[in-house]
């Protein structure tokens, strides 16, 4: 079925703002990790922000608009395999395809693990995560190792994501990059009824506020460190 010439709203503005905020947090975390220890406080704040965004995304996956909800795009593994084999050429959903849906969830989980491990690590000299004192030094070292390995994985996934986005945008001539800016896609006649009409902005503000309060409380009420850093 040929797509309509009009673009229909599919991705709500809270989801799109979340996407670009996460990009900013990951880029900021990378830069502040590379420029030196004097930026470690900023590095931690980027991590806290990323963790709040992860909490918000899980909440939005339950209460957000149609195509933001996980139940709308998380499908059985056999459906993903069939999609990769090309036997589900008529995918009748306006949101994520079967592979993209699981990939988006995987990315959120990995970012959450990356930010969470950062809560426990320390360099034993200048900085420590707010929960470093609740684990042994060997556990903290192990988590620090995972913190660095997971970030390397995130860098690889970022390259894969950009490659896939470029292929869909210029190779398959899909309106993918534009959709992450204005939220609109060209839909076939059989999927036009899946367009959304509301962004649920007030609910999104409430949820991101609660997520921010949760992470703030998590950090503020963390146990006092066992020693001082100079």
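Worth a mention:
- Residue 126 vs. criteria in contact (Cβ under 8 Å) with a residue 24 or more places away in the chain and assigned to a helix (DSSP H, G or I): no
- Of all the listed residues (101, 61), the sole one being out of contact with any helix residue (DSSP H, G or I) (no Cβ under 7 Å at 6 or more places or on another chain) and surrounded by 16 or more Cβ atoms within 10 Å (Cβ to Cβ) is 101.
- Meets criteria (part of a helix (DSSP H, G or I), surrounded by 12 or more Cβ atoms within 10 Å (Cβ to Cβ), over 19 Å from the mean Cα position of the chain (by Cα) and modelled with pLDDT of 85 or more) for residue 218: yes
- Test: residue in the range 43-52 that is part of a loop (DSSP other than H, G, I, E, B) and either at pLDDT 95 or above or surrounded by fewer than 19 Cβ atoms within 10 Å (Cβ to Cβ) (or both): no
- Scanning the range 107-145 for residues that are within 18 Å of residue 39 (Cβ to Cβ), surrounded by 19 or more Cβ atoms within 10 Å (Cβ to Cβ) and touching a strand residue (DSSP E or B) at 6+ places or on another chain (Cβ under 9 Å) yields 121, 122, 128, 129.
- The selection criterion, being surrounded by 12 or more Cβ atoms within 10 Å (Cβ to Cβ), touching a helix residue (DSSP H, G or I) at 6+ places or on another chain (Cβ under 7 Å), at pLDDT below 85 and under 18 Å from residue 18 (Cβ atoms), does not hold for residue 179.
- Taken together, 73, 151 contain a single residue that is crowded, with 17+ Cβ neighbours inside 10 Å, in contact (Cβ under 8 Å) with a residue 60 or more places away in the chain and under 16 Å from the mean Cα position of the chain (by Cα), which is 151.
- Filter result for residue 7 (part of a loop (DSSP other than H, G, I, E, B), at pLDDT below 90 and in contact with a strand residue (DSSP E or B) (Cβ under 6 Å, 6 or more places away or on another chain)): no
- Qualifying residues in the range 188-204 (those that are assigned to a helix (DSSP H, G or I) and in contact with a helix residue (DSSP H, G or I) (Cβ under 8 Å, 6 or more places away or on another chain)) - the one modelled with the lowest pLDDT: 194
- Across the range 1-18, the number of residues qualifying as surrounded by 16 or more Cβ atoms within 10 Å (Cβ to Cβ) and under 22 Å from the mean Cα position of the chain (by Cα) comes to 8.
Yes/no per residue for (1) within 23 Å of residue 41 (Cα to Cα); (2) within 16 Å of the chain's Cα centre (by Cα):
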residue	(1), (2)
120	yes, no
126	yes, no
130	yes, no
142	yes, no
158	no, yes
161	no, yes
165	no, yes
168	no, no
171	no, no
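- Test: residue in the range 98-116 that is assigned to a loop (DSSP other than H, G, I, E, B) and free of Cβ contacts under 8 Å to residues at least 24 places away in the same chain: no
The values are calculated or read from the model by the stated rules, or taken from the named source; none is laboratory data. Since the model is a prediction, treat every value here as computed from it, not as a measurement. With ideal geometry, Cβ positions are generated from the backbone for all residues, glycine too; neighbour counts draw on all protein chains shown.
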